[in-house]
There are 2 protein chains.
Amino acid sequence: MQDEYLKSDPWSIIEEGFDKDRVKSSESIFSIGNGHMGQRANFEEGYSGATFQGSYIAGVYYPDKTRVGWWKNGYPEYFAKVLNAPNWIGIDVWVNGEALDLNTCKKVDHFRRELNMKEGWYRRSFKATLPNGLETEVKIVRFLSLDLDEVGAIRFEITPTDADVEVAFHPYLDSGITNEDTNWDDKFWNTTQISSKENQAFIESHTLRTNFEVCTFMESHLFLNGRPLNKIPSEEKEALRVAHKFVQPAKKGETLALHKFGGYTVSRNHKASELVGAAKSSLKRAVDLGFEALLEQQKQAWARIWEMADITIEGDVKAQQGIRFNIFQLNQTYLGEDSRLNIGPKGFTGEKYGGSTYWDTEAYCIPFYMATKNQKVARNLLKYRYNHLEKAIENAQKLGFTNGAALYPMVTMNGEESHNEWEITFEEIHRNGAIAFAIFNYFRYTGDYSYIPEMGLEVLIAISRFWHQRANFSEPKGKYVILGVTGPNEYENNVNNNWYTNYVGKWCIDYTLRQLQKVKDGFSEDYDRVIGKTRLTDDETAQWQKVAGNMYFPYSEEHQVFLQQDGFLDKELVTVENLPTSQRPINQKWSWDRILRSPYIKQADILQGFYFFEDHFTMKELEKHFDFYEPFTVHESSLSPCVHAIQAAKLNRMEQAYRFYLRTSRLDLDDYNREVEEGLHITSMAGTWMSIVEGFGGMRILDDKLSFTPRIPEQWESYSFKINFRNRIVKVIVQKDKTEFSLDGKEEMSIRVNGNKVVLTPGKVVEV
Amino acid sequence: MQDEYLKSDPWSIIEEGFDKDRVKSSESIFSIGNGHMGQRANFEEGYSGATFQGSYIAGVYYPDKTRVGWWKNGYPEYFAKVLNAPNWIGIDVWVNGEALDLNTCKKVDHFRRELNMKEGWYRRSFKATLPNGLETEVKIVRFLSLDLDEVGAIRFEITPTDADVEVAFHPYLDSGITNEDTNWDDKFWNTTQISSKENQAFIESHTLRTNFEVCTFMESHLFLNGRPLNKIPSEEKEALRVAHKFVQPAKKGETLALHKFGGYTVSRNHKASELVGAAKSSLKRAVDLGFEALLEQQKQAWARIWEMADITIEGDVKAQQGIRFNIFQLNQTYLGEDSRLNIGPKGFTGEKYGGSTYWDTEAYCIPFYMATKNQKVARNLLKYRYNHLEKAIENAQKLGFTNGAALYPMVTMNGEESHNEWEITFEEIHRNGAIAFAIFNYFRYTGDYSYIPEMGLEVLIAISRFWHQRANFSEPKGKYVILGVTGPNEYENNVNNNWYTNYVGKWCIDYTLRQLQKVKDGFSEDYDRVIGKTRLTDDETAQWQKVAGNMYFPYSEEHQVFLQQDGFLDKELVTVENLPTSQRPINQKWSWDRILRSPYIKQADILQGFYFFEDHFTMKELEKHFDFYEPFTVHESSLSPCVHAIQAAKLNRMEQAYRFYLRTSRLDLDDYNREVEEGLHITSMAGTWMSIVEGFGGMRILDDKLSFTPRIPEQWESYSFKINFRNRIVKVIVQKDKTEFSLDGKEEMSIRVNGNKVVLTPGKVVEV
């Protein structure tokens, strides 16, 4: 499955050579984003070959009418779809009247792409022989500014190498775009105004139904051998498109460069009436700085991110490149400053999967953002769910729940459900648990309790109400059971008593009851407000307690393990090792019923519970469950290997842990699943970070303190990472024979390393 | 839910008064068919109101590309769709240049429809006041000839009542038709040739992909006061349409009549090159006879059907009308002469549900056709499945089965699967059992063993192979289990050890093994052929035996009943009685997960097994299971009440049996489910027949002999039915205090009545 197409490099992703069959894949891998907007690595100039165009604006979506084979009550009527936005990057290029199009060139030499992750820019260069025989060298640099986050910048350079020529640049804006992923081929955008003056142009359009108003804008300047030509282009307007036309002679060896600035202003961030004005002011700032200075700022901005978020690995360039790619993409996707946004599974790299928010955010992404940014970012992610609480209550009502019970959607953009497989939408209810767990985890990590009385308690009450109502008493078992669910292992559907679901359901109630007491004791005003609002009574909590206290957990005496669900042992228990490789991946080779009745596990299920609630179980128990379940696990979810890497490392099985790490860290770079052209797996990238920090580094919070159990894969010389723990930066360098810890700030901090107390003093490196 | 819209009448369905909101429903109810083609009760003249156009040709379908929300491996790429065929019935009518359109008339008086089931015709009459104020009386009679089964006939009469007028009749053919039910708005038909000469016109078209070639044809003649005018119309051709134009003055009180003959010739029955010729010869036969004589033949043909199939009920007109409607529709849908055809769930009355064949055919329809026609008809239905065996083996292969195992499709037209809900398509595997059961049932009823060595044994072997492979050994249970199925009760999905499925699976193997022995002993040539073809070995059958002999059946000691599936008792066992009526029907009120974890049963499941294998269980056991499960049964499948009527009658609970009977017999006439506009529930109509004959009449085959346990609902004076048992016609008249039996033919026949032997002598009525 390994693929050596991309060059190994510690800081850059590099592609060399032009391969038409790889264009769509590379468009995903070389995507750029700045949290506010994103852009697949589509060519600026026209390209008549196969391409998947994608320009995305954070938080701008369209509710596409649901299309299914067979309707089930409770399905959402509309899905929030990730939306391809008007094109601002386009620059048609002609040389002596011949279009530059890599698909029709006689020859393309020295084609090279580089995504410089350290500095946050993307460069493409090549030497093209046009159909008319003319040879030109082309070099394009593009980036989306972190500082001016509504602006992207392109420098498109062309040098004729064998003749004097006339070059025409037609930078354009185009709102006549479509979505690849649409259920009814609806029109998603309506364009209301196109304006153009001198070097600037603006297209005002809005999304249908959701009515997000967007101004797509551009301004271009022409340079000859680095010297501004101050040309005013002619313009060409069509119904959904506006182009500017620059025509300029260039002698052999001279370099013509078009600097194009463009991007979006959006009614989410401005008054609708002021979008063009805001665009003009963004353009002014960018143009005043100029391409080079803006790029310099970009490098500095990314340096600040890397300063905190970088993980170094010595002795393994591929692993180094992989982890940086993951950290880079996470930061391109979400910067944590806007509590209306979240971390889409494909980020700004594709359209697949409606909605932007999965339980991935709570289970995998929040730990990354908590440790590499500040607590405000994680708090924004929690606040996002608080803001969706009412919708989650409505969602539960659609499924028959009452009294303020909440079921958070499986997939969402705006709080409404955006998925429609009944076995997932209605039954993968454990997601409610991850949302409560994130509240617990946030406090555990940051020590900031304030979220709970202010917002979290309401979320917890609504979630506990759901679990209480969802369980029912089984006469034969004399216990409460939870029937008809899909656990984290989506390769079993509609099962009874999925251990993980029952466990997290019980835990939610227990945890909520403890927080109720804590808020009552310490924040009586908040307590009164919340109780008044939710009308929670002692009677009701007593009912909850009955359910949580008598929850059923399937267990096998013979194997001494909890059972993933009631019927697990009835299956034909053939391990993955004994499954012919011709049958894998089973999700491509087998029909769904066969997968369901097989023992094969898509992603950590019971082991996910052991990861969340690690201190509830002994190492012996972990080992038993790992040894029982991992042999049945096919890891066909991108979220599976990371949890297993962490658990294997904890069991000191470093060889196995390293194998799991490799599988998660280069999933997209090496295109394990042959689908990278659809976009990158953004959320699982946080799992890769966890594999190193929590897995190899063994980072935990124990008794309110940072704790480490550092281990290192044999293949590595050393690795290092930084942690922001309660606004103190701890740096950890793990080597084969020792680990170095250092600390910023002024005060000492005591941590635990391999179970022993270690005191860190700022400015002093401690070796353990 | 009762609805008094239609008039009670023993032989006709009658609607009085024009209600635009009922047009689509009445279009379903007044549908006509002759086994070869069918026609919804669409108006001949133009109608600008809401209508659902439907003209259908038996066996002509289109494979529509599957459209789903989420694709699962194994789903069929295409679905065979019931296809709306070119329109042959259309007659545009103008009076003094004003179009006759019931939607725009100033007034519509005396609107009346009658579907005369006894004679097989449909009449519509009304008095219309046109927008121009002219008043006319209109009377239309239409039928699809049973004798000339490619021909339909229309007599359209119009009488001006207040002025002398000029009437224009434009009979037309139109192939520019669409399907209401289409996944991608594909074009289904391509028209290649339109020809017209004098009174005749022909449109040649073919279905795309399947390439069924069809000639749609018409010939029209004009009459004044019953006298032929021998007019030659002018013609008007468009791309997909041809019309003939008759213009004729009519004095006040005179009646103008257009006789239109039309229909289809199809490449399924003729050489493609001879379709127009065949159409001409059909037209000639019809026109030579004339409308009146053809109608007379129609009455006689239906009299022959009723002679055998009628059930009379004295003292309950609604029940009488209901059972006749069911028998009439079954005969309109399928006459049993073509083993390539089957009984579609909507017959010729709508498009809903792709495909035409469900397990309904084997479970419900075959008993009706066996008893009311001759054994050849039932044998054709069995042969249909034999012809699809290879496709069923391919279908199983797609799901991972090997070695010639067959899984018959859930829904099919041509042997390929035409459904795509994984929980049904892949998991409702019990359908294989019904197909084997029908083979058993056919022999039990007809005594004709020949089907088994000739064809049935191969089907049985392939089915047994499936069950053998589908079961797996459960270590904890020490038995073979069948995991991940949907039983007949579709309100539980992906359950383990559905009792019915396990039972029918085991029975299939046992039965196949017995037939193998029997064929070996009695038909050694067939045996050798089949063994050679299937490569069945003793080793393999020994493996089958192991599975069948050690099948697991969930059982509750406490309740002394078999459990519908492993987890049934863990549910919250609240009976239907205690379910608020506001919550019903649950399939409209509840989300799917809630239905699944509820104890509510859609249709007989364990009781279906007790119906099939009645002699395997005691009356005491039946009573226990009926009393345990019926209280949880919501009967939201049209196939549920009939089995319960039979079982309740057997338990001598006649009041309850009668309530179940009512629910099944007038399902469409009273539109219980508010969906009759989509078409009729054809297959469940056979269940209604079973309710009377097997339920109230207690008909069974015991020890190779007919047996009856006659009972009568309190509401009825008497009822009667006839049975063709091995080419002997037995007539049964059940009265309150006695039952009369009579027999045709020459020889005596001994039957059992209430367990006692009774000898019937031809020509003599025996009272019991």
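The values are calculated or read from the model by the stated rules, or taken from the named source; none is laboratory data. Treat the numbers as computed from the prediction; the structure is a model and nothing was measured. Cβ coordinates were reconstructed from backbone atoms using ideal geometry, including for glycine residues, and neighbour counts include every protein chain displayed. In case anyone asks, the SASA skips ligands and DNA or RNA and just uses the protein heavy atoms, side chains included. Shrake-Rupley method; radii C 1.70, N 1.55, O 1.52, S 1.80 Å.
Summary table below
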| item | result |
| --- | --- |
| Whichever residue in region A:431-444 is farther than 28 Å from A:V82 by Cα and either of a type in the set (A, V, I, L, M) or under 21 Å from the mean Cα position of the chain (by Cα) (or both) and, among such residues, is nearest to the other protein chains (Cβ to nearest Cβ) | A:N441 |
| Count of region A:755-764 residues which are in a loop (DSSP other than H, G, I, E, B) and surrounded by 13 or more Cβ atoms within 10 Å (Cβ to Cβ) | 2 |
| Scan of region A:546-573 for residues that are aliphatic (A, V, I, L, M) and either in contact with a helix residue (DSSP H, G or I) (Cβ under 8 Å, 6 or more places away or on another chain) or more than 10 Å from every other protein chain (Cβ to nearest Cβ) (or both), ordered by number | A:V547, A:A548, A:M551, A:V561, A:L563, A:L573 |
| So A:F143, is it crowded, with 19+ Cβ neighbours inside 10 Å, touching a Pro at 6+ places or on another chain (Cβ under 9 Å) and in a strand (DSSP E or B) | no |
| Residue within region A:532-541 that is within 14 Å of another protein chain (Cβ to nearest Cβ), open to solvent by less than 40 Å² (accessible area, probe 1.4 Å) and more than 25 Å from A:A363 (Cα to Cα) present | no |
| Unique match (being closer than 19 Å to A:A604 by Cα and not small (G, A, S)) among A:N496, A:N472 | A:N496 |
| Only listed residue being under 17 Å from B:P345 (Cα atoms) and open to solvent by 10 Å² or more (accessible area, probe 1.4 Å), chosen from B:N414, B:N387, B:N380, B:N374 | B:N414 |
| Criterion (part of a loop (DSSP other than H, G, I, E, B), farther than 30 Å from B:S750 by Cα, hydrophobic (A, V, I, L, M, F, W, C) and without any contact (Cβ under 8 Å) to a residue 40 or more places away in the chain) met by exactly one of B:L667, B:L680 | B:L667 |
| Qualifying position, being away from every other protein chain (no Cβ under 14 Å) and over 33 Å from the mean Cα position of the chain (by Cα), among A:V82, A:V138, A:V108 | A:V108 |
| Criterion: of a type in the set (D, E, K, R) and within 14 Å of chain A (Cβ to nearest Cβ) - qualifying residue of B:E458, B:E428, B:E416 | B:E428 |
| Candidates A:E655, A:E630, A:E572, A:E577, filtered to the one that is over 30 Å from A:D704 (Cβ atoms) and in a loop (DSSP other than H, G, I, E, B) | A:E572 |
| Failed criterion for B:D744 (all others in (1) acidic (D, E); (2) touching a strand residue (DSSP E or B) at 6+ places or on another chain (Cβ under 9 Å); (3) open to solvent by 70 Å² or more (accessible area, probe 1.4 Å) hold) | (3) |
| Residue within region A:446-467 that is open to solvent by less than 10 Å² (accessible area, probe 1.4 Å), in contact with an Asp or Glu (Cβ under 9 Å, 6 or more places away or on another chain), of a type in the set (G, A, S) and not in a helix (DSSP H, G or I) present | no |
| Residue in region B:461-511 that is nearest to the chain's Cα centre (by Cα), counting only those that are facing chain A (nearest Cβ under 10 Å) and among the basic types (K, R) | B:R470 |
| Matching residues, region B:613-638, being open to solvent by 10 Å² or more (accessible area, probe 1.4 Å) and either in contact with a Cys (Cβ under 6 Å, 6 or more places away or on another chain) or among the aliphatic types (A, V, I, L, M) (or both) | B:M619 |
| Qualifying residue in region B:659-678 (condition: among the hydrophobic types (A, V, I, L, M, F, W, C), open to solvent by 20 Å² or more (accessible area, probe 1.4 Å), out of contact with any Pro (no Cβ under 7 Å at 6 or more places or on another chain) and modelled with pLDDT of 95 or more) | no |
| Selection status of A:P599, assigned to a loop (DSSP other than H, G, I, E, B) and more than 14 Å from every other protein chain (Cβ to nearest Cβ) | no |
| Which listed residue, of B:K252, B:K271, is farther than 26 Å from B:N331 by Cβ, touching a residue at least 40 places away in the same chain (Cβ under 8 Å), open to solvent by 50 Å² or more (accessible area, probe 1.4 Å) and basic (K, R) | B:K252 |
| Residue within region A:101-109 that is open to solvent by less than 40 Å² (accessible area, probe 1.4 Å), over 18 Å from A:K24 (Cα atoms) and not acidic (D, E) present | yes |
| Residue in region A:41-75 that is most open to solvent (accessible area, probe 1.4 Å), counting only those that are in contact with a helix residue (DSSP H, G or I) (Cβ under 8 Å, 6 or more places away or on another chain) and within 14 Å of chain B (Cβ to nearest Cβ) | A:N73 |
| Residues located in region B:275-315, provided they are in contact with a Cys (Cβ under 7 Å, 6 or more places away or on another chain) and open to solvent by 10 Å² or more (accessible area, probe 1.4 Å) | B:V276 |
| Cβ-Cβ under 6 Å pairs, at least 6 apart or on other chains, region B:93-110 side of a type outside the set (K, R), far side open to solvent by 30 Å² or more (accessible area, probe 1.4 Å) and part of a strand (DSSP E or B) | B:N96/B:E166; B:L102/B:V108; B:D109/B:K127; B:H110/B:K127 |
| Leading residue by the ranking (surrounded by the fewest Cβ atoms within 10 Å (Cβ to Cβ)) among those in region A:580-591 that are more than 10 Å from chain B (Cβ to nearest Cβ) and assigned to a loop (DSSP other than H, G, I, E, B) | A:P580 |
| Test result for A:F126, touching a Ser or Thr at 6+ places or on another chain (Cβ under 8 Å) and either in a strand (DSSP E or B) or basic (K, R) (or both) | no |
| Residue match in region B:21-40 (condition: aliphatic (A, V, I, L, M), part of a loop (DSSP other than H, G, I, E, B) and at pLDDT 95 or above) | no |
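Quick grid of which residues meet (1) part of a strand (DSSP E or B); (2) at pLDDT 95 or above; (3) open to solvent by 10 Å² or more (accessible area, probe 1.4 Å); (4) among the aromatic types (F, W, Y):
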| site | (1), (2), (3), (4) |
| --- | --- |
| B:D149 | no, yes, yes, no |
| B:I158 | yes, yes, no, no |
| B:A163 | no, yes, yes, no |
| B:N183 | no, no, yes, no |
| B:T191 | yes, yes, yes, no |
